[in-house]
1. For the chain, what does -39500 (n - 2.57) per DSSP helix run (n ≥ 4), summed and divided by total residues, give at 222 nm, in deg cm²/dmol to the nearest 500?
2. Obtain the nm distance between the two label points defined at ALA42 and GLN30 by a simple spin-label model: each point lies 7 Å from its Cα along the Cα-to-C-beta direction.
3. Quick check of the Kirkwood formula: for the chain, what is the inverse mean of 1/r over all pairs of different Cα atoms, in Å?
4. May I ask you to sort SER46, SER41, SER73 by Cβ crowding, counting other Cβ atoms within 10 Å and putting the fewest first?
5. What net charge is computed for the residues neighbouring ALA11, neighbours being all others with C-beta under 11 Å from the C-beta of ALA11, Lys and Arg scored +1, Asp and Glu -1?
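None of the figures in this text is laboratory data; all of them are computed from the coordinates on show. The shown structure was predicted, so the numbers you read here are calculated from the model rather than taken from an experiment. Positions of Cβ are generated from backbone atoms using ideal geometry, with glycine treated the same way; all protein chains shown enter the neighbour counts.
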Amino acid sequence: MTIDEINQALANLANSGDETFSNAANYVTQLMQQVQASQLSAQDMSELLRDMQRQMEIIQDTGQLKLKQDMNSIINGIFILASII
């Protein structure tokens, strides 16, 4: 997943109409911006994203499963990109 694909997927989630995932997408976007502005380390961002993934594990609503999968894909894509950089 490229950074452009991650940004597009985050925008899609932010506009999904689901408040939980919209807020989560906006939060991830803010974290990425903070890393780019050197206000947050990539390691700290990774820890916060892992926490988010753990919180999302409790989501069982079938209407949110696709959004949950999308967010997990985004976070895993960020982890991969962070390991390359």
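1. Values: 4 runs with 65 residues, N = 85.
After summing the helix terms and dividing by residue count, I get -25500 deg cm²/dmol.
2. 2.3
3. Final number for the Kirkwood radius of the chain is 12.9 Å.
4. SER41, SER73, SER46
5. Values: positive: none; negative: ASP4, GLU5.
Taking every other residue near ALA11 into account, the sum is -2.
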